[in-house]
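Comments concern the structure below.
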Amino acid sequence: MDFNFSKRCEEYRAKLLAFMDEHVYPNEKVYHEQLEAGDRWENPPVMEELKAKAREQGLWNLFLPEAEYGPGLTNLEYAPLCEIMGRSPVGPEVFNCSAPDTGNMEVLVRYGTEEQKERWLKPLLQGKIRSAFAMTEPDVASSDATNIQSRIERDGDDYIINGHKWWTSGAGDKRCEIFIFMGKTDPDAEKYKQQSQILVPRDTPGVKLVRPLTVFGYDHAPHGHFEVEFRNVRVPASNMILGEGRGFEIAQGRLGPGRIHHCMRLIGVAERSIEAMCARAKSRIAFGKPLADQGVVLDQIARSRMEVEQARLLTLKAAFMMDTVGNKVARSEIAMIKVVAPRMACDVIDRAIQVHGGGGVAEDFGLAYAWAKTRSLRLADGPDEVHTRAVARLELKKQTPPWVYSE
């Protein structure tokens, strides 16, 4: 594996770093002030201003490897760029690279019809609308997606949808216009052929936003995570994605890149947390000397650096394998990094909080928010336990011969 980034990756890195310094970091406070001053479920005006500037500079839709829709970067090239965007809580959206839109756009690019692409993919690529992914359900253990009970039933030229979803990220945003909904079309089919995915416009009769779900008290507005009811929702049969019984196939194609994107962003969060930890340690005096001279703080900084570097290398390896041998062969590496990166980031942020003392658990430094958001990612796109189980099963399949002891 080549540890040197490509020339075009380095060019994008330089542009991104400059853009973040000049536009994103200085406007984080403006974004939150505008959000608090207006309707929390409406996009603050400064976000649209930043998006326009990013698009003008060609820093747009960088996540898509398909050159027809973006710059055609590989996963390995995108990884360091995604890390830079992830350093700011508002960064990914500025460049139209935020979840769940990235995953939903990938679904439409790879599996959508021309009609579906024209109606939904085009405005998503332009950043004019946002989307949501409705999969998890409150009444079943959704870590096993075969448990999903929502129904998608054919009725002439339409499908009728009934289901109760939650943790539907993005549903609260007033710009959200489309859901990708996963449910059962045939409960009697083979286990992994029962589910399908279908497009449901948000304004369709029968779609009801029940309530926003908070994460450790944060509502993550204007994006949000919502509980949503679908009651006798009727959509055209042409809204079905790929075909009946293809839901798991689509999910695997969607979640592979989505999982590693989360990990890339989390490395950026961890890097910024280390910077905050070091700045605080240098500026505070305790027991007659700077925190930076205290052995326990030095240990926290050192451990954080080592853990970030380990996670970054595993992320780059997974990205490299996705590019060279495909997501299926790289599934163990993808599963491993999905466990390693959120745990690492939680630990690094927690140490930064500790070094900040009481200020760390307040909102003055953004660390409490970062920890809460990061902790939720140990559950998003499958909990740690599902991924560790997958890694173990793949390891066992290698059929390593037993040790043979000779006299």
Checked pairs for region 203-221, first over 13 Å from residue 169 (Cβ atoms), second of a type in the set (D, E, K, R) and open to solvent by 40 Å² or more (accessible area, probe 1.4 Å), C-beta under 6 Å and 6 or more apart or across chains, list as 206/231; 208/229; 210/229
Scanning region 49-65 residue by residue, those more than 20 Å from the chain's Cα centre (by Cα), open to solvent by less than 50 Å² (accessible area, probe 1.4 Å) and of a type outside the set (Gly, Ala, Ser) turn out to be 50
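Please find, among 56, 137, 106, 115, the residue that is out of contact with any Phe, Trp or Tyr (no Cβ under 6 Å at 6 or more places or on another chain), acidic (Asp, Glu) and within 24 Å of residue 44 (Cβ to Cβ).
Details: 137 fails: within 24 Å of residue 44 (Cβ to Cβ); 106 fails: within 24 Å of residue 44 (Cβ to Cβ); 115 fails: within 24 Å of residue 44 (Cβ to Cβ).
Answer to the check: 56.
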Within region 23-48, which residues are closer than 14 Å to residue 92 by Cα and open to solvent by 50 Å² or more (accessible area, probe 1.4 Å)? 25, 48
Filter region 242-300 down to the residues that are more than 19 Å from the chain's Cα centre (by Cα) and among the basic types (Lys, Arg), then identify the one that is farthest from residue 193 (Cα to Cα). 289
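Looking at 117, 128, 122, which one is of a type in the set (D, E, K, R) and either open to solvent by less than 60 Å² (accessible area, probe 1.4 Å) or on the phi > 0 side of the Ramachandran plot (or both)?
Values: 128 fails: either open to solvent by less than 60 Å² (accessible area, probe 1.4 Å) or on the phi > 0 side of the Ramachandran plot (or both); 122 fails: either open to solvent by less than 60 Å² (accessible area, probe 1.4 Å) or on the phi > 0 side of the Ramachandran plot (or both).
None of the other options fit; the residue is 117.
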Can you pull out every residue in region 322-335 that is of a type outside the set (D, E, K, R), open to solvent by 60 Å² or more (accessible area, probe 1.4 Å) and part of a helix (DSSP H, G or I)? 324
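From the list 302, 319, 311, which one is in a helix (DSSP H, G or I), open to solvent by less than 50 Å² (accessible area, probe 1.4 Å) and in contact with a Phe, Trp or Tyr (Cβ under 8 Å, 6 or more places away or on another chain)? Let's see the steps before the verdict.
Details: 302 fails: in contact with a Phe, Trp or Tyr (Cβ under 8 Å, 6 or more places away or on another chain); 311 fails: in contact with a Phe, Trp or Tyr (Cβ under 8 Å, 6 or more places away or on another chain).
The unique qualifying residue is 319.
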Here the residues within region 112-145 that are closer than 14 Å to residue 247 by Cα and in contact with a strand residue (DSSP E or B) (Cβ under 8 Å, 6 or more places away or on another chain) are 133, 134, 135, 136, 145
When you scan region 185-291 for strands (runs of 3 or more DSSP E) that lie fully inside it, which ones turn up with 2 or more residues that are open to solvent by 10 Å² or more (accessible area, probe 1.4 Å) and either closer than 19 Å to residue 135 by Cα or hydroxyl-bearing (Ser, Thr, Tyr) (or both)? 207-212, 225-236
Tally the residues that are charged (D, E, K, R), at pLDDT 95 or above and farther than 18 Å from residue 380 by Cβ, restricting the search to region 306-345. 5
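Residues are listed down the side, and each one gets a yes or a no for (1) under 17 Å from the mean Cα position of the chain (by Cα); (2) in contact (Cβ under 8 Å) with a residue 12 or more places away in the chain; (3) more than 30 Å from residue 364 (Cα to Cα):
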site: 7; (1), (2), (3): no, no, yes
site: 13; (1), (2), (3): no, yes, no
site: 35; (1), (2), (3): no, yes, no
site: 45; (1), (2), (3): no, no, no
site: 82; (1), (2), (3): yes, yes, no
site: 89; (1), (2), (3): yes, yes, no
site: 101; (1), (2), (3): yes, yes, no
site: 114; (1), (2), (3): no, no, yes
Heads up, the helices (runs of 4 or more DSSP H) in region 351-402 (entirely inside) with at least 2 residues that are open to solvent by 40 Å² or more (accessible area, probe 1.4 Å) and modelled with pLDDT under 95 are 384-397
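The values are calculated or read from the model by the stated rules, or taken from the named source; none is laboratory data. All of these numbers come straight from a predicted model, not from anything done at the bench. For neighbour counting, all protein chains shown are included, and Cβ atoms are generated from backbone atoms with ideal geometry for every residue, glycine included. With ligands, DNA and RNA removed, areas are computed over all heavy atoms of the protein, side chains included. Shrake-Rupley method; radii C 1.70, N 1.55, O 1.52, S 1.80 Å.
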